[in-house]
Amino acid sequence: MTSHETAAPKPVPIETGLALAMLRDMVRIRRFEERCADLYGQQKIRGFLHLYIGEEAVGVGAVHALATDDSIVATYREHGHALARGIAAGAIMAEMYGKLEGCSRGRGGSMHLFDAKARLYGGNAIVGGGLPLATGLALAEKMQGGRRATAVFFGEGAVAEGAFHESMNLAALWKLPVVFFCENNLYAMGTALARSESQTDLCAKAASYDVTTARADGMDVVACYEAARDAVNRVRDGAGPVFVEFQTYRYRAHSMFDPDLYRDKAEIEAWKKNGPIHNLTNRLKSEGKLTEQTFLAIDAEAQREVDLAVAFAEEGTWESVDDLARDVHTQAAP
Amino acid sequence: MKITYREALRQALHDALACDPRVFLMGEDVGKYGGSYAVSKGFFEEFGPERIRDAPLSELGFVGAGIGAALGGMRPIVEVMTVNFSLLALDQIVNTAALYRHMSGGQFSVPVVIRMSTGAGRQLAAQHSHSFENWYAHVPGLTVIAPATVDDARGMLAPALASPDPVIVFEHAMLYPMEGELSPNWAKADLCSARVLRPGGDVTLIAYGGTVWKAMAAAERLASQGIGAEVIDLRVLRPLDDATIMASVRRTRRAVIVDEGWRSGSLAAEIMARIMEQAFYDLDAPVARVCSAEVPMPYAKHLEEAALPQPESVVAAVLQLLGKTAQ
């Protein structure tokens, strides 16, 4: 293979419609979150805000590999998963504003996006907290004889938690239909993987529980989709859980409070050269499946969607303080 | 009909498993072993390993899995062997089970029942003798119950399973072999009321779980001195039944709370505060409490007995309230 051939864009071996749908979702997430950062600066959004910018290929590829009735358990960095799942941008933005029209009625905020119809079970802000929950959802599905899969997203930091190890063991022991999607962005907040783990091969950890493992380039949405699709097919067929490590990178700081002093700016720039949107756009263009004009139209549409979402959130209502005590218990009538 | 507390629990679990295919029991040694307190003896053979599910020593993992299974449409009964080990599962109970309904804006309920034994009295020393009912009773979103009678051991599981929200069940380890008369009303058990177990006019003794019977023994001794002690079995630790407590205290004008938890930050402290808030002007004496001494539970028998509330200490507290000396 010559160096010229190595430099040529990789082919896009999936249906063009799907590739374009995934491109569209990545652009939607990017534009949505850029606006979130602005709105945070304007103090429209408060609390913690964790941006997914740079990691979009993972959530988009994985969510597109799931059926609409599969279950999703996500982390506090879940705007992308919620948008890719089809939850209205307006409901997500309203949630971040704390408005009643938010997808969690303003009780959750950025870290706790929920949607029962979309089977999105949060938005869990305890690192590793979603793994036992997802294991249990899969247990219920298996006991009820269903074929739905449960997908749980978590960062590589969660791999240090007992919840990860206990869930791996239970899921493998009981052959549960759960896919463990590990978004390895190399830093648990500010602590690099190699500074916190004796074994940095995450697949080796999962494999030690007899869990099937796979690894994918988390900057390549097609690779993410294919790895997730294979994993989901496998668990749906009753072969037991699968662990997929997506190697990715977040361009922004951990949260809006993070001064980002623990990593080299050159490292960030190097990862940006291989950005997920750029990566797929180039490949589709080189195959003649995307024109610059179409890309600009996708981007304009995404920006319009964000404008409408912001307007929806701005016009939303503040819940009456009289209702403060609702939804603590199911029957509690304020 | 005479029945043990253990048998009453067993019958309640059996009913639940037999009547509802969504119900399953999961925990350490609930299956092959038959339950560490023999409550689920024979269930593994009768209902099979899927529904009587032995779990590894992964309290966080299997309690979380029970919560997830509840979200997924099942009605799990998760048995954590003891409250001592439940600390390893505290994150899932508090941060997931208790909060999910609220955080999701009312979209997701978690109908899980989590059972655990609690309490001291068997010389199991510091790490196996805790009473942390108050930790759980502190958390909005949880219902916390402490069946102390055979009626409640038999009757409270069904409403707990019917609840759409998480219910934590505390079974005092000293009660399993206790025998009692099963009343015809056991099936009317609710998850909201305290119960006057013994009427009396001079002082109200408020207790729950294992201390109920210590309060009852104290009431018996006080009766022999001509003092009428009313005994309230709280039954439900969250939400507390303020109405029953206040009605009694307004009548007797004196109250002693008997609580196996450590004094500082105890349920006893909460109940005292509520009496102060709601019935202060009806009191003839400051509210008193008998709690466990603030030491880790010692192994030696005489020291363990000294650390725990006992009928004698309850009697002494009542006599002090009444300005009398022991006879």
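The values are calculated or read from the model by the stated rules, or taken from the named source; none is laboratory data. Computed from a prediction, not measured in an experiment: that's the story for all the values here. Cβ sites come from the backbone with ideal geometry, for glycine too, and all protein chains shown count toward neighbours.
Details
- Exactly one residue out of A:120, A:113, A:83 is within 11 Å of another protein chain (Cβ to nearest Cβ) and touching a residue at least 40 places away in the same chain (Cβ under 8 Å): that is A:120.
- Of all residues in region A:187-239, those that are part of a helix (DSSP H, G or I) and modelled with pLDDT of 95 or more total 22.
- Checking B:17, B:90, B:99 one by one, the residue that is within 14 Å of another protein chain (Cβ to nearest Cβ) and under 18 Å from the mean Cα position of the chain (by Cα) is B:90 and no other.
- Selected residue (criterion: farthest from residue A:167 (Cα to Cα)) from residues of region A:208-222 that are among the aliphatic types (A, V, I, L, M) and in contact with a strand residue (DSSP E or B) (Cβ under 7 Å, 6 or more places away or on another chain): A:216
- Selection status of residue A:95, facing another protein chain (nearest Cβ under 8 Å), of a type in the set (D, E, K, R) and not in a loop (DSSP other than H, G, I, E, B): no
- Comparison of A:157, A:145, A:136 shows that the only residue that is out of contact with any Lys or Arg (no Cβ under 8 Å at 6 or more places or on another chain), more than 9 Å from chain B (Cβ to nearest Cβ) and in a helix (DSSP H, G or I) is A:157.
- Residue count, region B:142-185 (criterion: of a type in the set (S, T, N, Q) and in contact with a Leu (Cβ under 7 Å, 6 or more places away or on another chain)): 2
- Residue within region B:55-78 that is within 13 Å of chain A (Cβ to nearest Cβ), surrounded by fewer than 24 Cβ atoms within 10 Å (Cβ to Cβ) and of a type in the set (Asp, Glu) present: no
- Within region A:108-154, the set of residues being among the small types (Gly, Ala, Ser), surrounded by fewer than 24 Cβ atoms within 10 Å (Cβ to Cβ) and within 15 Å of the chain's Cα centre (by Cα) comprises A:118, A:125.
- Conditions (1) outside any helix (DSSP H, G or I); (2) over 13 Å from the mean Cα position of the chain (by Cα); number of the one not met by residue B:216: (1)
- Residue A:53 vs. criteria within 14 Å of another protein chain (Cβ to nearest Cβ) and either modelled with pLDDT under 95 or under 13 Å from the mean Cα position of the chain (by Cα) (or both): no
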